[in-house]
Amino acid sequence: MQRHTCLAIALLVCSLPSFCQLTLRHLQTENLANPLCIDSKSPRFSWQLQSPDRNEMQTAYEIRVSSRPDGKDRVWTSGKVDSAASVHVEYSGPELQSGKRYFWQVRVWDNKGRVSPWSEHAWWQMGLLRPQDWKARWIRPADTAGDAANPLLRTRFTVSRPIASATVYITAHGLYEATLNGQRVGDTYLTPGWTSYNKRLQYQAYEISGLLHNGPNAIGAMLGNGWYRGVIGFTNNRNVYGHDVSLLLQLVIRYKDGRSDTIATGPDWRSSTGEVRTAEIYNGERIDHRLAKSGWSLPEYDDSHWAIVQTEDFPLNNLLATINEPIRKHETFPALRLITTPKGEQVIDFGQNLVGWVVVRLKGHPADSILLSHAEVLDKAGNFYTDNLRAAKAEDTYIPGGQGNSDTEVFEPHFTFHGFRYVRVEGWKGPVDISDFTAVALYSDMPKTGSFTSSDPLINQLQHNIQWGQQGNFLDVPTDCPQRDERLGWTGDAQVFSRTAAFNRGVENFFAKWLKDVAADQLPSGAVPFVIPNIIGNGTSAGWADVATIIPWNVYLAYGDERVLRDQYPSMKAWVEYMRGQAKDDLWNTGFHFGDWLFYRPFDDNDGRSAVTDKYLIAQCFYAHSTQLLINAADVLGKKDDIAAYSALLGKIKTAFLREYVTPSGRLVSGTQTAYTLALEFDMLPETLRNQAVDRLVKNIQDYNYHLTTGFLGTPYLCHVLSDFGYISVAYRLLMQDTYPSWLYPVKMGATTIWERWDGVKPDSTFQTPGMNSFNHYAYGAIGDWMYRVIAGLDTYAADPGYHHSRIDPHPGGGLTEAGADLQTGYGLLSSHWRIAADTLCMDLVIPANTSSSVYIPAPDGGLITESNHPLATVHEITVENVGRGFVVARLGSGEYHFRISR
Ligand code: RAM
């Protein structure tokens, strides 16, 4: 056959959809690519189908697991399972072995009669599952207990056979940074992260065969105080979890001949101190290169003068494999400019309020000692401003090595982090060379999943600020702020922001881990403390403690993760039971509450403009909301008795709300935006009272000349209520408002992150009270959820969550000429972009394979809808589900679609 004939046949065959290849990609185990330590007995697999065809659906899958990379030594095969599931598919084979690596593949069948080839192999490795799998013993430096210097610990060992694999498992009381033969182990920071240490301590695993040598080797670690025994909490406590830092490390080397060796912490290790003299999360780090122990983790280093360590018999049953992504380095920022302030100080501006630290390269010997101080803002006069850091010193001191040293010395902290945009440099001889300074952002390595863009630069900057609020504050735990002497896992802030967070980044594992700490630190009464991990006492508050129900539900919606609901269910229920126990006649009106934290409250409020919402009205709304979410979870988990019992309770909670807080004509006792918003969002009002409540809300907003007045609790729902009840234009006016209080006011004032207060910087450029004025506090960034869900219109259904069946319902408006969002779902890219050109609205959509979508197309009377230039009615892949006044709902399968709606 002629070559061109072959080519023509090949092209023809591939243009017929059913002959094109169906491929699988993005294989993950427990939402991670080839993870090294999993301790779930039934790990969950996910994969994504790739096909250029429309309406691509999986109809069956087959998974096979083996213990060798070539697929031999089969451990389990699922057989062909008729199912569309491609996310969170559970392993259900024989018991998995501690420390062992498993390899898996999948193939799928689709609705077009095709079967994919077997995927590439992915793998996962089990963690150390039982306490007895740890041969290591806890060790602590003998002579430095209580010493501020950061101890070094090391041992030597020999490798004499070819290596197949080498995994080191490490955790610490305090923080650790491990080194092998002079090389840093891994690229993770501030490990082992922060959990409720006494109950749950995570260890990390690293594959290090590439760092080992045949012959002598040495492994060591430096320890820092961290959250374990460093200063933490605004009462500036020390030693919250214990007095001593200590290390637990176990290196398992498997040789090609089948034998193995274990090198573990124990009495043969030695300790000393090195160049890191002090390191505190709030106060910063002091590094003195004159005291560096050069080559301390090389095998030939002479440690005979080092002290012998002490072993400790701490329990091992609180040890857990890490389930969330570790903290890694991300963006780097070169210094933007050097400022000499009115006070004569030398200040570097990095242009972005970020969380991390500054790496300094010293060429020659420009200083005896350099002091770097960190700040988020300059004051009105342009001076360096640190009052809002409260007691946190946020200072790093770098002392170069020997005088006259002409080599370049690099300084970088290990066991601290700072929230800053500006750095003040002191001690430098002569003018500062800003090219020697680089800021590095550090945060949990959550995959970036979402982006939102529009035609309005201010809205785009707001989205940027929301993302940077998340990037700064999702540092192993969701912190309220990253700069002052606080940086705690405030539950209210986290729940308020959780749905937005799940758009911007993959936060499933991040929250799954933290929710386990929520449950671990929940009190026997069911009360959930203010901060998790709990280090500040046993208070609880409506809107904060509801983290126990709200985040599991939001994780379920965003990722379809049933396990998080199953795991958290007892905690969800305990919280609802706590409220039930506090309530009298179904009314919860007792105890302390933060209320609608940081609501609009003008100074010297003669006209009574402050938007004070009754705290017990709020508590009753959250009591109902948490009960509803518990019912939702019970429904997913098939707990019929609970559905019935809590539905009855919910009815009574709402009746009590009406009795106590609503007049017969529907006025709420607090006439605030937050009160009406919560009552409507949580469905507290009978249908007959809803419209008037929305009217009152809109009237209130108009009374404030289209400004919001909501605090932490009302803000996330305000625009949703307006758009849900037909007032999208009012929601847009609030979003586009750029005078205080509003989302765009800080943007106009130059913010690069979300502020704690609507007026952190006042219009006259003076600051709000320094006692509580963070410039990186993500809570008000909760508007991001509305931008994704309503402006771009990307949403999910509780009945088929995780965007398996999505809802695309964009809402052009607000004077925007275009807007859109991309979201990497568990199935692949879901995307919705719209633009208005003359009298035509264009909608460009991408729906991932193995999913479908109900798409709301705005359809003005007499308007013509086409898809890729074909009239809608003629496109056979599209089913029209519903036609309403002003819209058409089309059911779409996977693929790319281009709608044009002419008016
Ligand atoms: C502040 C925190 C946090 C808030 C609590 C009530 O100190 O920064 O944002 O949740 O108070």
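The values are calculated or read from the model by the stated rules, or taken from the named source; none is laboratory data. If you're wondering where the values come from, they're calculated on a predicted model, not measured in any experiment. For neighbour counting, all protein chains shown are included, and Cβ atoms are generated from backbone atoms with ideal geometry for every residue, glycine included. Please note that ligands, DNA and RNA were not included when accessible areas were found on the heavy atoms of the full protein model with its side chains. Shrake-Rupley method; radii C 1.70, N 1.55, O 1.52, S 1.80 Å.
Ser774 fulfils the conditions (1) of a type in the set (Ser, Thr, Tyr); (2) farther than 24 Å from Asp379 by Cβ; (3) open to solvent by less than 20 Å² (accessible area, probe 1.4 Å) except for a single criterion, (2).
Based on what the data block shows, is Thr235 on the phi < 0 side of the Ramachandran plot and part of a loop (DSSP other than H, G, I, E, B)? Even if it seems obvious, please write down each step before you answer.
Details: on the phi < 0 side of the Ramachandran plot: yes; part of a loop (DSSP other than H, G, I, E, B): yes.
Yes.
Of all residues in the range 478-508, those that are within 13 Å of the ligand (Cβ to nearest atom) and over 17 Å from Ala441 (Cβ atoms) total 14.
Scoring Thr866 on the criteria (1) more than 37 Å from the chain's Cα centre (by Cα); (2) not in a strand (DSSP E or B) leaves a single failure, condition (2). Being among the charged types (D, E, K, R), buried (at least 19 other Cβ atoms within 10 Å of the Cβ) and more than 30 Å from Tyr827 (Cα to Cα) holds for only one residue in Arg154, Arg200, Arg161, and it is Arg154.
Those residues that are under 25 Å from Gly99 (Cβ atoms) and either among the aromatic types (Phe, Trp, Tyr) or open to solvent by 10 Å² or more (accessible area, probe 1.4 Å) (or both), I need them from the range 217-253; list them, please.
Listed by number, the list holds a single entry, Val252.
The condition of being among the hydrophobic types (A, V, I, L, M, F, W, C), open to solvent by 20 Å² or more (accessible area, probe 1.4 Å) and under 31 Å from the mean Cα position of the chain (by Cα) holds for Val87. Of the residues making up the range 449-496, just one is closer than 20 Å to Ile551 by Cβ and basic (Lys, Arg), namely Arg487.
No other residue among Leu523, Leu617 is of a type in the set (A, V, I, L, M, F, W, C) and surrounded by fewer than 20 Cβ atoms within 10 Å (Cβ to Cβ) apart from Leu523.
Taking Gly182 as the residue in question, decide whether it is away from the ligand (no atom under 16 Å from the Cβ) and free of Cβ contacts under 8 Å to residues at least 60 places away in the same chain. Against the criterion (away from the ligand (no atom under 16 Å from the Cβ) and free of Cβ contacts under 8 Å to residues at least 60 places away in the same chain), Gly182 does not qualify. A search for C-beta distances below 6 Å between a residue of the range 666-682 that is over 21 Å from Ser723 (Cβ atoms) and any residue that is assigned to a loop (DSSP other than H, G, I, E, B), counting only pairs 6+ apart in sequence or on different chains, returns Val669/Asp614; Ser670/Thr613; Ser670/Asp614.
Give Arg733, Arg757 a once-over and let me know the one that is open to solvent by 10 Å² or more (accessible area, probe 1.4 Å), among the basic types (Lys, Arg), within 13 Å of the ligand (Cβ to nearest atom) and assigned by TED's automatic domain parsing to the domain that holds Ser498. Write out each step before concluding.
Numbers: Arg733 fails: within 13 Å of the ligand (Cβ to nearest atom).
Arg757 is the lone residue from the list that is open to solvent by 10 Å² or more (accessible area, probe 1.4 Å), among the basic types (Lys, Arg), within 13 Å of the ligand (Cβ to nearest atom) and assigned by TED's automatic domain parsing to the domain that holds Ser498.
Report yes if some residue within the range 547-554 is in contact (Cβ under 8 Å) with a residue 60 or more places away in the chain, more than 30 Å from Gly820 (Cβ to Cβ), more than 16 Å from the ligand (Cβ to nearest atom) and surrounded by fewer than 24 Cβ atoms within 10 Å (Cβ to Cβ); otherwise report no. So far as the range 547-554 goes, no, none of its residues is in contact (Cβ under 8 Å) with a residue 60 or more places away in the chain, more than 30 Å from Gly820 (Cβ to Cβ), more than 16 Å from the ligand (Cβ to nearest atom) and surrounded by fewer than 24 Cβ atoms within 10 Å (Cβ to Cβ). Name the residue, out of Glu881, Glu877, that is charged (D, E, K, R) and either without any contact (Cβ under 8 Å) to a residue 60 or more places away in the chain or in the same structural domain as Ser454 (by TED's automatic domain parsing) (or both). Selected residue: Glu881, the only one of Glu881, Glu877 that is charged (D, E, K, R) and either without any contact (Cβ under 8 Å) to a residue 60 or more places away in the chain or in the same structural domain as Ser454 (by TED's automatic domain parsing) (or both). Cβ-Cβ contacts under 7 Å between residues 6 or more apart (or on different chains), taken from a first residue in the range 491-505 that is among the acidic types (Asp, Glu) to a second residue that is within 14 Å of the ligand (Cβ to nearest atom) and in a helix (DSSP H, G or I), are listed as Asp493/Tyr778; Asp493/Ala779.
Of all residues in the range 765-793 being over 24 Å from the mean Cα position of the chain (by Cα) and assigned to a helix (DSSP H, G or I), which is nearest to the ligand (Cβ to nearest atom)? Of everything passing the filter in the range 765-793, Gly771 is nearest to the ligand (Cβ to nearest atom).
Can you confirm whether Pro533 is farther than 21 Å from Asp642 by Cα, away from the ligand (no atom under 13 Å from the Cβ) and not hydroxyl-bearing (Ser, Thr, Tyr)? Lay out the reasoning, then the answer.
On the way: farther than 21 Å from Asp642 by Cα: yes; away from the ligand (no atom under 13 Å from the Cβ): yes; not hydroxyl-bearing (Ser, Thr, Tyr): yes.
Answer is yes for this residue.
In the range 745-759, the residues that are of a type in the set (Ser, Thr, Tyr) reach residues that are part of a loop (DSSP other than H, G, I, E, B) and within 16 Å of the ligand (Cβ to nearest atom) with C-beta atoms within less than 7 angstrom, at least six apart or across chains, in these pairs: Tyr745/Trp758; Thr753/Phe775; Thr753/Asn776. Within the range 437-450, residues that are touching a residue at least 40 places away in the same chain (Cβ under 8 Å) and open to solvent by less than 10 Å² (accessible area, probe 1.4 Å) sit with their Cβ atoms under 7 Å from residues that are assigned to a loop (DSSP other than H, G, I, E, B) and among the aliphatic types (A, V, I, L, M), at 6+ positions apart or across chains, in these pairs: Phe437/Ala335; Met446/Val507.
Please state which one of Glu660, Glu681, Glu687 is open to solvent by 10 Å² or more (accessible area, probe 1.4 Å) and either in contact with a strand residue (DSSP E or B) (Cβ under 6 Å, 6 or more places away or on another chain) or modelled with pLDDT under 95 (or both). Quick ask: steps written out before the conclusion?
Working: Glu681 fails: either in contact with a strand residue (DSSP E or B) (Cβ under 6 Å, 6 or more places away or on another chain) or modelled with pLDDT under 95 (or both); Glu687 fails: either in contact with a strand residue (DSSP E or B) (Cβ under 6 Å, 6 or more places away or on another chain) or modelled with pLDDT under 95 (or both).
The match here is Glu660.
Of the residues Asp436, Asp476, the single one that is touching a strand residue (DSSP E or B) at 6+ places or on another chain (Cβ under 7 Å) and within 27 Å of Thr322 (Cβ to Cβ) is Asp476.
Quick check: is even one residue across the range 791-804 out of contact with any helix residue (DSSP H, G or I) (no Cβ under 7 Å at 6 or more places or on another chain), open to solvent by less than 10 Å² (accessible area, probe 1.4 Å), on the phi > 0 side of the Ramachandran plot and at pLDDT 95 or above?
Within the range 791-804, the subset out of contact with any helix residue (DSSP H, G or I) (no Cβ under 7 Å at 6 or more places or on another chain) is 791-793, 797, 799-800, 803-804.
Subsequent filtering for residues that are open to solvent by less than 10 Å² (accessible area, probe 1.4 Å) retains 791-793.
Okay, now just the ones that are also on the phi > 0 side of the Ramachandran plot, so 793.
From what's left, at pLDDT 95 or above: 793.
Within the range 791-804, one or more residues are out of contact with any helix residue (DSSP H, G or I) (no Cβ under 7 Å at 6 or more places or on another chain), open to solvent by less than 10 Å² (accessible area, probe 1.4 Å), on the phi > 0 side of the Ramachandran plot and at pLDDT 95 or above.
Looking only at the range 818-837, decide whether some residue is more than 21 Å from Arg505 (Cβ to Cβ) and not in a strand (DSSP E or B).
Checked the range 818-837: no residue is more than 21 Å from Arg505 (Cβ to Cβ) and not in a strand (DSSP E or B).
Just so you know, in the range 846-863 the residues that are part of a strand (DSSP E or B) and out of contact with any Leu (no Cβ under 7 Å at 6 or more places or on another chain) include one that is most open to solvent (accessible area, probe 1.4 Å), and it is Tyr856.
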